[in-house]
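**Student:** Sharing a structure below in structure tokens format, with a few things to ask.
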Amino acid sequence: MKSQVILQLLGLAAAAVPPRPSQGEETFLIQLETEQRWVTQEEKRSLRLEGTGFIDKTYSSNLETSSLTTAAKKYAYPSSASHDAAVKPLFGSLSTDLLKSRLTTFSEFQNRYYKGGYGAQSSAWLLDLVNTTLVEAGVTSSLGATVEAFSHPKWNQDSVIARIPGKTASTIVIGAHQDSVNWKASNQQTSRAPGADDNGSGSMTILESLRVYLTSPEVLAGEAVNTVEFHWYSAEEAGLLGSQAVFEAYAAEGRDVAAMLEQDMTGYSAGMQTETLGVVTDYVNKELTEFIKLIVDTYCDIPYAETKCGYACSDFASATEAGYQSAFVIEAPFEKTSPYIHTSEDTLETVNYAHMVQHGQMTLGFVYELAFTEF
């Protein structure tokens, strides 16, 4: 009976795919909230400019049964925070100087567009920095920690994945996208797109969180119950391409992901009278989102505000599509996020490093609590 249901779902999914145009310029199959559609690059650009979310399915293999059956495994999360005595002492090591210096370099690339040479260069720089972080912490030898370039044959920019093994294969994923784009320009491969906030801020926030997480005596002693991964996805701006490939691969391999937290934009706070973190409540896992609210209340110096961002607004949607429980925290309620993203004006001058630290505290609380949870 179960196999019949899966086959029916596969048949429905296949039938829903419209035929590809037979000639003309390159087209891409995108999944909108209610339909699939073939579009040109210019049509993708127009959708992004108007704020419409979509998933680019052109290279997807998500009709395989693995990505359907993964959804059966569900997790419950702690109802209280129990590791504050271990987590809060880590906060003093979060460095605004490191955040600023690394974000400065990251935003100095002409752009980090996934198809261009700049995107490949910025990804290689990031891979080297993540590797240095693991080596300097001493965890490559003591814990068997690794970093890999997750390659994407159809475009130039690799995703980057750092893995710190725990006692079990159950995995806690912290994600951010590394690419940037200037959708207002006519040529995305050459135009200036510093992407300081979107999403240099999120990328450097989770990197600094990784560095500080690896100073925990309990983590260094190998006491973490669960495996922890930090992901930097390529090609988010073009339709969640990098994260989609990663999570489809994980689903096909039967990887056990217990929770996935995305952070996309963590540095802009100028639009708020009262500084908050934006906890997204639509298209996310409700139970994991409630746990994140608990984490913000416990570990942050500012409150959260619930917000919505619409269909496929960032990479957590790829985890959800693969059947994994995911959540999303952004810098502010959605209507008060940076107005400069996807332009040449998304610069360092718009970034509040103290606000990034609040995201770092939330990340440390989240990852530590779940790394030491026995599911």
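**Student:** Show the residue pairs that are 6+ apart or on different chains and have beta-carbon atoms under 7 Å apart, the first residue being within the range 342-354 and more than 20 Å from L47 (Cα to Cα), the second being acidic (D, E) and buried (at least 18 other Cβ atoms within 10 Å of the Cβ).
**Tutor:** Listed pairs, sorted by first residue: T350/D197; V351/D197.
**Student:** Now, a different point. Condition (residue is free of Cβ contacts under 8 Å to residues at least 40 places away in the same chain, surrounded by 15 or more Cβ atoms within 10 Å (Cβ to Cβ) and within 19 Å of the chain's Cα centre (by Cα)) applied to the range 100-121: is it met by at least one residue?
**Tutor:** Yes, the conditions are met somewhere in the range 100-121.
**Student:** I'm told N131 meets every condition in (1) in contact with a Phe, Trp or Tyr (Cβ under 9 Å, 6 or more places away or on another chain); (2) under 25 Å from Y250 (Cα atoms); (3) not small (G, A, S) except one. Can you identify the failing condition by its number?
**Tutor:** If we test N131 against (1) in contact with a Phe, Trp or Tyr (Cβ under 9 Å, 6 or more places away or on another chain); (2) under 25 Å from Y250 (Cα atoms); (3) not small (G, A, S), just (1) comes out false.
**Student:** In the range 155-168, is there at least one residue being more than 30 Å from P89 (Cβ to Cβ), out of contact with any Lys or Arg (no Cβ under 9 Å at 6 or more places or on another chain) and assigned to a strand (DSSP E or B)?
**Tutor:** Going through the range 155-168, the residues more than 30 Å from P89 (Cβ to Cβ) turn out to be 155-159.
Those left that are additionally out of contact with any Lys or Arg (no Cβ under 9 Å at 6 or more places or on another chain): 158-159.
This time we only want the ones that are assigned to a strand (DSSP E or B), so: 159.
Yes: one or more hits.
**Student:** What helices (runs of 4 or more DSSP H) completely inside the range 263-375 contain at least 1 residues that are in contact with a Gly (Cβ under 6 Å, 6 or more places away or on another chain)? Break it down stepwise before answering.
**Tutor:** Working: elements: 286-299, 316-321, 353-371.
Because the criterion is at least 1 residues that are in contact with a Gly (Cβ under 6 Å, 6 or more places away or on another chain), the helices (runs of 4 or more DSSP H) in the range 263-375 that meet it are 286-299, 353-371.
**Student:** Let me ask you something else. Is there any pair with a first residue in the range 78-99 that is among the β-branched types (V, I, T) and a second that is modelled with pLDDT of 95 or more and crowded, with 16+ Cβ neighbours inside 10 Å whose Cβ atoms are under 7 Å apart and which are 6 or more apart or on different chains, and what are they?
**Tutor:** V87/Y299; V87/L364; V87/G365; V87/Y368; T96/Y353; T96/V357
**Student:** State whether the residues of the range 19-41 include one that is assigned to a helix (DSSP H, G or I), more than 18 Å from Y311 (Cβ to Cβ) and at pLDDT 50 or above. If you could, list the steps in order and put the result at the bottom.
**Tutor:** Residues of the range 19-41 assigned to a helix (DSSP H, G or I): 41.
Filter once more, keeping what is more than 18 Å from Y311 (Cβ to Cβ): 41.
Now narrow it down to the ones that are at pLDDT 50 or above: 41.
Checking the range 19-41: at least one residue is assigned to a helix (DSSP H, G or I), more than 18 Å from Y311 (Cβ to Cβ) and at pLDDT 50 or above.
**Student:** Name the pairs: first residue in the range 219-232 and farther than 28 Å from G200 by Cα, second residue surrounded by 23 or more Cβ atoms within 10 Å (Cβ to Cβ) and of a type outside the set (S, T, N, Q), Cβ to Cβ under 7 Å, at least 6 apart or on different chains?
**Tutor:** Filtered contacts from the range 219-232: A224/A371; V225/A371.
**Student:** So which residues in the range 256-274 are over 24 Å from N226 (Cβ atoms) and either touching a Lys or Arg at 6+ places or on another chain (Cβ under 7 Å) or surrounded by fewer than 18 Cβ atoms within 10 Å (Cβ to Cβ) (or both), if there are any at all?
**Tutor:** A270, G271, M272, Q273, T274, listed by residue number.
**Student:** Next question, about the same structure. Taking F328 as the residue in question, decide whether it is within 25 Å of Y77 (Cβ to Cβ), of a type outside the set (K, R), in contact with a helix residue (DSSP H, G or I) (Cβ under 9 Å, 6 or more places away or on another chain) and surrounded by fewer than 24 Cβ atoms within 10 Å (Cβ to Cβ).
**Tutor:** Details: within 25 Å of Y77 (Cβ to Cβ): yes; of a type outside the set (K, R): yes; in contact with a helix residue (DSSP H, G or I) (Cβ under 9 Å, 6 or more places away or on another chain): yes; surrounded by fewer than 24 Cβ atoms within 10 Å (Cβ to Cβ): no.
No: the conditions fail for F328.
**Student:** Would you mind telling me which numbered condition in (1) without any contact (Cβ under 8 Å) to a residue 40 or more places away in the chain; (2) part of a helix (DSSP H, G or I); (3) crowded, with 20+ Cβ neighbours inside 10 Å A124 fails?
**Tutor:** Going through (1) without any contact (Cβ under 8 Å) to a residue 40 or more places away in the chain; (2) part of a helix (DSSP H, G or I); (3) crowded, with 20+ Cβ neighbours inside 10 Å one by one, A124 breaks only (3).
**Student:** Can you pull out the residues in the range 60-85 that are at pLDDT 95 or above and surrounded by 17 or more Cβ atoms within 10 Å (Cβ to Cβ)? Before the answer, list the steps.
**Tutor:** The first filter runs over the range 60-85 and keeps only residues at pLDDT 95 or above, leaving 75-85.
Within the range 60-85, Y75, Y77, A81, H83 qualify.
**Student:** Can you run down the residue pairs with Cβ atoms below 6 Å, 6 or more apart or on separate chains, where the first is in the range 47-68 and within 15 Å of A322 (Cα to Cα) and the partner is modelled with pLDDT of 95 or more and in a strand (DSSP E or B)?
**Tutor:** I55/Q31; D56/F28; D56/I30; K57/L29; K57/Q31
**Student:** Moving on. Looking at the range 336-375, which of the residues that are under 19 Å from the mean Cα position of the chain (by Cα), within 22 Å of T105 (Cα to Cα) and among the small types (G, A, S) is surrounded by the fewest Cβ atoms within 10 Å (Cβ to Cβ)?
**Tutor:** Going through the qualifying residues, I end up with S338.
**Student:** If you scan the range 220-244, which residues turn out to be in a helix (DSSP H, G or I) and surrounded by fewer than 24 Cβ atoms within 10 Å (Cβ to Cβ)?
**Tutor:** Passing the criteria: only L220.
**Student:** OK, next. With the condition kept exactly as written, say whether any residue in the range 264-287 is touching a residue at least 60 places away in the same chain (Cβ under 8 Å), touching a Phe, Trp or Tyr at 6+ places or on another chain (Cβ under 7 Å), among the acidic types (D, E) and farther than 24 Å from L32 by Cα.
**Tutor:** Yes, the range 264-287 has at least one match.
**Student:** Which residue, of K293, K308, K286, is within 24 Å of Y77 (Cβ to Cβ), in contact with an Asp or Glu (Cβ under 7 Å, 6 or more places away or on another chain) and surrounded by fewer than 21 Cβ atoms within 10 Å (Cβ to Cβ)? Reasoning before the result, please.
**Tutor:** On the way: K293 fails: in contact with an Asp or Glu (Cβ under 7 Å, 6 or more places away or on another chain); K286 fails: in contact with an Asp or Glu (Cβ under 7 Å, 6 or more places away or on another chain).
Only one candidate passes the filter, namely K308.
The values are calculated or read from the model by the stated rules, or taken from the named source; none is laboratory data. Model, not experiment: these values are computed from the prediction. Note that we place each Cβ from the backbone using ideal geometry, even for glycine, and neighbour counts take in every protein chain shown.
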